[in-house]
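*Asks:* I have a structure here, written as structure tokens, and I will follow up with some questions on it.
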Amino acid sequence: MRSNARMSALLRATDLSGLGHQDIPPLFRDVGERGWSVTAAGGRVLTGLRPQTPGRYVDRLGEEITVNGRGMTDYDLPSAPHERTPVLVRRCLAYVCVCLRTAQEEFGDSLVKAYVSLSRAETDEGLLTANVTFGTPLADVRPYLPGLEQVKDAAVAEISAAGCRAWW
């Protein structure tokens, strides 16, 4: 796993013991369980998020990141950071691990990576929000998060299936 200092701090502060399906909101659990598909361009996308009408993308990584990306459910969480943050982190990581494990089983490799970001919403409340997406890094395409370790305005991580073994 690669992460910046903010994500490393969040992970150290969050109890990840017992991480499992119970941590994933139902909608995301369903997406993870439906597995993966391959698009006409060769993109690896979560079947439950695949649009009925194909879009236009700059490259295959762009397609994957766009189709697979979602904000993590947080409307049901308290606003107090000490209560909200650990639940949001656990939700993201549990979802990531289910999806990466399924990708590894379906594709027979560990090329798909998860990208998790947590940052303050630009609202009056400034609540912590999270986004998760998945993509397959390509040698001839600019990385999704170049300079990930230097990101200052959010907690970010790139996670592989192997990285999930520590939690799942």
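The values are calculated or read from the model by the stated rules, or taken from the named source; none is laboratory data. Note that the structure is a prediction, hence the values are computed from the model and not measured. Every residue, glycine as well, gets a Cβ built from its backbone with ideal geometry; the counts of neighbours run over all protein chains shown. With ligands, DNA and RNA removed, areas are computed over all heavy atoms of the protein, side chains included. Shrake-Rupley method; radii C 1.70, N 1.55, O 1.52, S 1.80 Å.
*Asks:* Say R0 is 35 Å: what FRET efficiency, to the nearest 0.05, do Thr123 and Val38 get from their beta-carbon distance?
*Replies:* 0.40
*Asks:* Ignoring everything except DSSP H segments at least 4 long, calculate the 222 nm mean residue ellipticity for the chain; use -39,500 (n - 2.57) per segment, divide by total residues, nearest 500.
*Replies:* When only DSSP H runs of four or more count, the value is -10500 deg cm²/dmol.
*Asks:* Just to be sure I understand: with springs between alpha-carbon atoms less than 10 Å apart, which residue in Glu83, Glu149, Glu63 has the highest mean-square fluctuation in the Gaussian network model of the chain?
*Replies:* Of Glu83, Glu149, Glu63, the Gaussian network model singles out Glu83 as fluctuating most.
*Asks:* Pick from Ser17, Ser37, Ser110: which is most flexible by mean-square fluctuation in a GNM of the chain where alpha carbon atoms under 10 Å apart are linked?
*Replies:* Largest GNM mean-square fluctuation: Ser17.
*Asks:* Apply the Kirkwood formula to the stretch 26-143: the hydrodynamic radius equals the inverse of the mean of 1/r over all pairs of different alpha-carbon atoms; give it in Å with one decimal.
*Replies:* Across the stretch 26-143, the inverse of the average 1/r is 15.1 Å.
*Asks:* Please give the charge dipole size of the chain, origin at the Cα centre, charges +1 on K and R Cβ atoms and -1 on D and E Cβ atoms. Round to the nearest 20 debye.
*Replies:* 240 debye
*Asks:* Still on this structure: For Ala139 and Arg50, compute 0.36 nm times the residue count separating them, minus their Cα-Cα distance, and round to one decimal in nm.
*Replies:* 29.6 nm
*Asks:* Assuming 0.36 nm per residue, please report the length gained on full extension of the stretch His82 to Arg12 beyond their Cα-Cα distance.
*Replies:* 23.8 nm
*Asks:* First select every other residue whose beta carbon is under 15 angstrom from the beta carbon of Leu11; then total the charges, Lys and Arg +1, Asp and Glu -1.
*Replies:* Counting the neighbours of Leu11, the net charge comes to +2.
*Asks:* Okay, next question. What is the sum of charges, Lys and Arg at +1 and Asp and Glu at -1, for the other residues whose Cβ falls under 13 Å from the Cβ of Ile65?
*Replies:* +1
*Asks:* Another one. Per residue, what accessible area does the stretch 1-109 have, given a 1.4 Å probe and all protein chains present, in Å²?
*Replies:* Averaged over the residues of the stretch 1-109, the accessible area is 51 Å².
*Asks:* Relative contact order for the chain: what percent, with Cα pairs under 8 Å and sequence separation of 6 or more?
*Replies:* It comes to 33 percent, rounded to a whole number.
*Asks:* State whether the stretch 40-97 is rounded, prolate or oblate according to the following rule on the C-alpha gyration tensor (a ≥ b ≥ c being the square roots of its eigenvalues): a/c under 1.5 gives rounded; otherwise a/b larger than b/c gives prolate, and the remaining case gives oblate.
*Replies:* Prolate is the answer for the stretch 40-97, as a/c is 1.5 or above and a/b outweighs b/c.
*Asks:* Around Leu49, under 14 Å between beta carbons, what's the net of Lys plus Arg minus Asp minus Glu among the other residues?
*Replies:* Once all neighbours under 14 Å are counted, the net charge is +1.
*Asks:* In the chain, what percent of the accessible surface is made up of carbon and sulfur (1.4 Å probe, ligands and nucleic acids excluded)?
*Replies:* Ligands and nucleic acids excluded, carbon and sulfur reach 51 percent.
*Asks:* Provide the packing ranking of 150-161, 95-106, i.e. peptides ordered by the mean count of other C-beta atoms within 10 Å per residue, highest first.
*Replies:* So the peptides 150-161, 95-106, ranked by packing, come out 95-106, 150-161.
*Asks:* Please state the shape class of the stretch 87-147: rounded when a/c is under 1.5, otherwise prolate if a/b exceeds b/c and oblate if not, all from the C-alpha gyration tensor.
*Replies:* It comes out oblate by the Cα gyration axes.
*Asks:* Can you tell me the relative contact order of the stretch 3-62? Whole percent, Cα pairs under 8 Å, sequence separation 6 or more.
*Replies:* 21 percent
*Asks:* Specify the residue with the greatest mean-square fluctuation among Gly147, Gly20, Gly35, computed from a Gaussian network of the chain linking alpha-carbon atoms under 10 Å apart.
*Replies:* Gly147
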